[in-house]
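Presented below is the structure to which this report refers.
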Amino acid sequence: MEAQVSTFTVLPSFVSLSALLEAIYNKLPDMIFIFNVKERRFVLRNPALDDMLGFEHLKDQEINCISLRSLIHSEDWKPLQNAMQQLESLEKQNVEIECRCLDKFQQYQYFNARLSVFEKLGNEVVHLIGIAQNISERKKIEQQSQLFKNRLQELSFITSHEMRHEYAKIQSIVNLMDNKFISDTERVELIGEAKKSIQLINSSIFKLNHKLSFNQQDEFFNMNKEAEKFSKILMIDDDVLTNVLNRKIVQALMPEMPVEVYIDIDDALADIRNMGKMHQTLIFLDINFPGRGGWEFLDDYATISEASNVIVLSSSIDNRDREKARSYTSVIDYVTKPLSFDFVKSFFADLESAKLDNQL
């Protein structure tokens, strides 16, 4: 004869079932409650519910449905009502629903609530029992995973459509440039189109970096432009050719503007110490140098001058570099290379406009 295996675990003699249930009820981190259907109130709730929702001061008082509704997210109230109606009509014995609820810090938390018929008289439901588990961390991971998936799709579009398209145009232009059947006028037009494609590729690279960094606060640099008329420009970059090109851009637009160039950080700082007030001197600063670089310059410059007059001009499109630049009061803008005629024109036009506004 086979032995019968009991489906019930025999408790040790020193543990009573009621004591065990009470301990679980009081210490379980999930919220447990019994809801009176007719009176629309909670007749029983565990300490976890009071602690989570901020009802500790009401632990000896009943909570009605109206009190709970003020905490439930407006978009989740109707689905919750529908779930309750399914139980009350005995259409279902158990339902499971997700909803957002304000915690005691007035922050919405995600909960997975499992509701069941607890007691009924004939065909009338008297009480429901519910267990609600905080799933906010899980939802956060799910949302981040979806965000990551969306970012990958956006990256794929940028690389396969935007960048590839412009690259193909530049490749075609290069192939045509040496063709003897191309006129000088057509050649100039082709160069103009190539410049547009290069600008679009640079913009796409910036967008790629933005998507990869998941930085959703990518707004224009918070400039603190002073309505000063800059009377001199310093360009600090270890690349000699870059300094030459940037100086030509500035002087093409402002022939009378003095421009001094430096390829060494310490040489620039040494001269700046002897220049006096720097408020009317605009500095274009590269970040990446062999040895001491742009960040070290900004650290030392803060001990020399209180002027806000530095434009970081860098090949880096890393948002971390942009955010670090924001932390220096001397920095008024962050521009990715190459320096353009359009930026220089718009920068000085904005300064002139700000100066006129301050005179009104």
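The values are calculated or read from the model by the stated rules, or taken from the named source; none is laboratory data. All of these numbers come straight from a predicted model, not from anything done at the bench. Glycine also receives a Cβ, built like all others from the backbone with ideal geometry; neighbour counts cover every protein chain displayed. When the accessible area is computed, the model is the full protein with side chains, heavy atoms only, and any ligands, DNA or RNA have been set aside. Shrake-Rupley method; radii C 1.70, N 1.55, O 1.52, S 1.80 Å.
Assorted remarks:
- Longest stretch of the chain clear of exposed loop sites (chymotrypsin sites (Phe, Trp or Tyr not before Pro), DSSP loop, at most 13 other Cβ atoms within 10 Å, sites excluded): 221-360.
- Straight Cα distances below 13 angstrom link LYS120 to the aspartates and glutamates GLU88, with same-chain residues fewer than 8 positions distant left out.
- LYS277/ASP318 FRET efficiency (R0 25 Å; Cβ-Cβ; nearest 0.05): 0.15
- Counting only protein heavy atoms and a 1.4 Å probe, the chain has 63 square angstrom of accessible area per residue.
- For the chain, Kirkwood radius (reciprocal of mean inverse C-alpha pair distance, Å): 27.5 Å
- Low-density loop cleavage sites - GluC sites (Glu not before Pro) in the range 289-345, where at most 15 other Cβ are within 10 Å (DSSP): GLU306
- Charged neighbours of GLU193, selected by a Cβ distance under 13 Å, balance to +1 (K, R count +1; D, E count -1).
- DSSP beta bridges in the chain [antiparallel fraction, %, rounded to 5]: 65 percent
- Relative contact order %, the range 1-141, counting alpha carbon pairs below 8 Å whose residues are six or more apart: 22 percent
- Residues with amide H under 5 Å from that of TYR262, placed H, sequence gap 5 or more: MET235, ILE236, ASP237
- Estimated [θ] at 222 nm from DSSP helical runs (n ≥ 4, -39500 (n - 2.57)) normalised by residues in the chain, nearest 500: -14500 deg cm²/dmol
- Candidates per trypsin sites (Lys or Arg not before Pro) in the range 232-281, loop by DSSP, up to 11 other Cβ within 10 Å: LYS277
- Computed E for GLN251/PHE148 - FRET, C-beta separation, R0 45 angstrom, nearest 0.05: 0.45
- Per-residue SASA entry for LEU121, accessible area with 1.4 Å probe, Å² rounded to 10: 120 Å²
- The range 55-125 shape via C-alpha gyration tensor axes, a/c threshold 1.5: oblate
- Sum of side-chain charges, LEU68 neighbourhood, beta-carbon under 10 Å (Lys, Arg +1; Asp, Glu -1): +3
- Couplings 3J(HN,Hα) for the range 32-40, derived from phi with the Karplus relation 6.51 cos²θ - 1.76 cosθ + 1.60 (θ = phi - 60°), are 10, 8, 10, 10, 7, 5, 5, 8, 6 Hz, where x marks Gly and Pro.
- Whole-percent carbon and sulfur share, accessible surface of the chain, 1.4 Å: 54 percent
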